[in-house]
Amino acid sequence: MNAAPVLLAYSVAVGAGAPHLLLRSAWPHRAPALGATVWLALILSFTVAVTLAAAQLAAPTGHLHAGLVGLLHACGLDAPEPTASGPTISGRLAVAMPLAVVAAFGGAFLFHLARSGLLRARHRDRLDKVGTRCERLRATVLPHAVPGAYCLPGFRPRIVVSDAAVRLLTAEQMEAVLEHERCHVAGRHHLPLAATEAFATVFPWLPLARLARTQMAVLLEMTADDRALRRQSDETLATAVYEMAAARTPEGAIGAGGSTALLRMKRILGPRPAPHPALRGSLASAALTAPLLPLLVACPPGI
């Protein structure tokens, strides 16, 4: 049986249907780290499904039997015995088409990582000239009239605050802001952001790509807020976010203010009931198994 139609239908469900269902759900804002993980799982599941569908379209008579073993066979990685005629055209396509999908996504991911890394390196050089290192804050203080804070993740991470923020914010507010930025650095949040940007580059017309890119940024900000709230009160963080809402974040950096400030303030000051443990466990399990579902769709057990 050719699994391409089933895989394409699954891709449509994951790429167009699942994102809208997830967007209408309330639980991602109550568990933002888990929500970000689910978005990444959908991206990976869609990519695997499209890769397998490409292999099946190139070799319609092939069969992705026994899950991963079948995938290796379809990609020609199981070292089959050589034949006198050599690989067929369909065999070459069965390898080339899925590899093209993987290479496009992987290349876009590396491109966005390299581009943002270069922007951050240039910004660090400018900070070395105009900024002042503050050991008390463990951050670089930058002369600027607008209160703001951001971090430069990756290699040689750095947290930056404006001198206006230092003057305006209380000690508790500043600590909440710094803890927020430390979460971005420690969690390597630039990596999932680069992954969603890469996915949107390869599939710009796909609802999953468009929504994942915007939702990932929001959920990672909420994840950093939750870490800051472990040490500071809701009011302290909310007022700090309010003071820095007008601040602009340099390209390649991750900032504490910006366009998500109002949504985050409402969340911080409102009720934030945690998802039921059963729901959390089910969602975590779904996120772990979603990338493998296309294999089961392509080759159900017993076939």
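We did not get these values from a lab; they are worked out from the coordinates using the rules stated. Values in this document were obtained by computation on a predicted structure and should not be read as measured data. Cβ atoms come from the backbone with ideal geometry, glycine included; neighbour counts cover every protein chain shown.
Observations, loosely collected:
- Qualifying positions in the range 140-165 - in contact with a strand residue (DSSP E or B) (Cβ under 6 Å, 6 or more places away or on another chain), of a type outside the set (D, E, K, R) and over 12 Å from A256 (Cβ atoms): T140, V141, L142, H144, L152
- The set of residues from the range 113-145 being more than 18 Å from P157 (Cβ to Cβ) and surrounded by 15 or more Cβ atoms within 10 Å (Cβ to Cβ) comprises just one member, H144.
- Residues located in the range 146-183, provided they are surrounded by 21 or more Cβ atoms within 10 Å (Cβ to Cβ), in contact with a Pro (Cβ under 6 Å, 6 or more places away or on another chain) and more than 15 Å from V241 (Cα to Cα): none
- One residue stands out among those in the range 211-229 that are touching a residue at least 12 places away in the same chain (Cβ under 8 Å) and not aliphatic (A, V, I, L, M): the one that is farthest from I268 (Cα to Cα), which is R213.
- Selection status of R136, over 30 Å from S45 (Cα atoms) and in a loop (DSSP other than H, G, I, E, B): yes
- Matching residues, the range 260-302, being surrounded by 15 or more Cβ atoms within 10 Å (Cβ to Cβ), more than 30 Å from L8 (Cβ to Cβ) and not aliphatic (A, V, I, L, M): T260, R264, R267, R272, P275, R280
- Considering the range 203-230, and only residues there that are of a type in the set (K, R) and out of contact with any helix residue (DSSP H, G or I) (no Cβ under 6 Å at 6 or more places or on another chain), the residue that is surrounded by the most Cβ atoms within 10 Å (Cβ to Cβ) turns out to be R210.
Yes/no per residue for (1) among the hydroxyl-bearing types (S, T, Y); (2) within 16 Å of L219 (Cα to Cα); (3) touching a Gly at 6+ places or on another chain (Cβ under 8 Å); (4) part of a loop (DSSP other than H, G, I, E, B):
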residue: Y10; (1), (2), (3), (4): yes, no, no, no
residue: A13; (1), (2), (3), (4): no, no, no, no
residue: G17; (1), (2), (3), (4): no, no, no, no
residue: P28; (1), (2), (3), (4): no, yes, yes, no
residue: A36; (1), (2), (3), (4): no, yes, no, no
residue: W39; (1), (2), (3), (4): no, yes, no, no
residue: L44; (1), (2), (3), (4): no, no, no, no
residue: V50; (1), (2), (3), (4): no, no, no, no
residue: L57; (1), (2), (3), (4): no, no, no, no
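- Residues of the range 151-196 satisfying the condition of being assigned to a loop (DSSP other than H, G, I, E, B), in contact with a Cys (Cβ under 9 Å, 6 or more places away or on another chain) and free of Cβ contacts under 8 Å to residues at least 60 places away in the same chain: P157
- In summary, E135 fulfils each of the numbered conditions (1) more than 22 Å from D226 (Cβ to Cβ); (2) touching a helix residue (DSSP H, G or I) at 6+ places or on another chain (Cβ under 7 Å) with the single exception of condition (2).
- The number of residues in the range 21-58 being under 20 Å from R188 (Cβ atoms) and among the polar types (S, T, N, Q) comes to 1.
- When residues in the range 109-157 are screened for being among the polar types (S, T, N, Q) and more than 15 Å from A194 (Cβ to Cβ), 2 of them pass.
- Long-range neighbours under 9 Å by Cβ, at least six apart or interchain, first residue over 16 Å from D163 (Cβ atoms) within the range 119-140, second surrounded by fewer than 11 Cβ atoms within 10 Å (Cβ to Cβ) and among the hydrophobic types (A, V, I, L, M, F, W, C): R120/F155; A121/F155
- Scanning the range 237-249 turns up no residue that is closer than 27 Å to L113 by Cβ and assigned to a helix (DSSP H, G or I).
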